[in-house]
Amino acid sequence: MSNVLGKSLARLLAPRRVAHAHCDIPCGIYDPHAAQLAANTVATMVQKIQGLAPDDHNNLIRMVKVKEDHAEIVKREVVIIWGDYFKPEHLDKYPDLHDQTWKILKLASRNKQNIDAQAAQELQAAVDQFANVFWESKGQPAPAR
């Protein structure tokens with residue numbers, strides 16, 4: 001009897017599905033550094049790709065993969081801060097926040113699709129500007145990194 005009870009209890013307590021989220025509790029722990037680091041990685045990969053020998057296919061494939069993965073990290077991290085941290089009252093002080101976020105997402109996609117040093121630099125600058133708005137909204141200086 002206890003074996004049946006144990007199996008029933010195990011079925012009830014077993015997770016039904018895995019949930020992925022930054023946080024569903026208002027923890028207040030947000031930091032744009034991961035997005036900045038990812039944008040820097042995108043720019044570094046573009047620079048390295050452009051310096052590869054034409055027949056260095058293995059490294060090209062690996063670097064493109066890293067570039068695309070980090071462009072996606074930029075998107076994910078920016079969306080988390082934009083959607084979870086920023087509130088309607090922030091828009092009064094930062095009315096361009098939605099457009100700024102949209103621009104970052106488009107630049108990240110452009111960097112996934114191309115090997116373009118100018119686009120990578122634009123992504124870095126846009127993410128840095130977003131980070132500055134974030135820290136300013138918290139009334140804190142951006143941490144030295």
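Counting only residues that are exposed (fewer than 15 other Cβ atoms within 10 Å of the Cβ) and among the β-branched types (Val, Ile, Thr), how many does the range 42-77 have?
1
Quick check on the range 123-145: of everything there that is assigned to a helix (DSSP H, G or I), of a type in the set (A, V, I, L, M) and under 11 Å from residue 32 (Cβ atoms), which residue is farthest from the chain's Cα centre (by Cα)?
Across the range 123-145, the extreme among qualifying residues is 133.
Pairs please, first residue from the range 47-67 and under 13 Å from residue 111 (Cα atoms), second anywhere and of a type in the set (Ser, Thr, Tyr), Cβ atoms under 8 Å, 6+ apart in sequence or on different chains.
Once the first residue is under 13 Å from residue 111 (Cα atoms) and sits in the range 47-67, its partners that are of a type in the set (Ser, Thr, Tyr) give 66/41; 67/41.
Say whether the condition of being at pLDDT 95 or above and either among the aromatic types (Phe, Trp, Tyr) or under 14 Å from residue 81 (Cβ atoms) (or both) is met by at least one residue in the range 115-126.
yes
Look at the range 125-145 and say how many of its residues are touching a residue at least 24 places away in the same chain (Cβ under 8 Å), loosely packed, with under 13 Cβ neighbours inside 10 Å and polar (S, T, N, Q).
0
Does at least one position in the range 82-89 carry a residue that is over 20 Å from the mean Cα position of the chain (by Cα) and outside any loop (DSSP other than H, G, I, E, B)?
yes
The values are calculated or read from the model by the stated rules, or taken from the named source; none is laboratory data. The model shown is predicted, which means the values in this text are computed figures rather than measured ones. In this analysis, Cβ positions are derived from the backbone assuming ideal geometry, glycine residues included, and neighbour counts consider all displayed protein chains.
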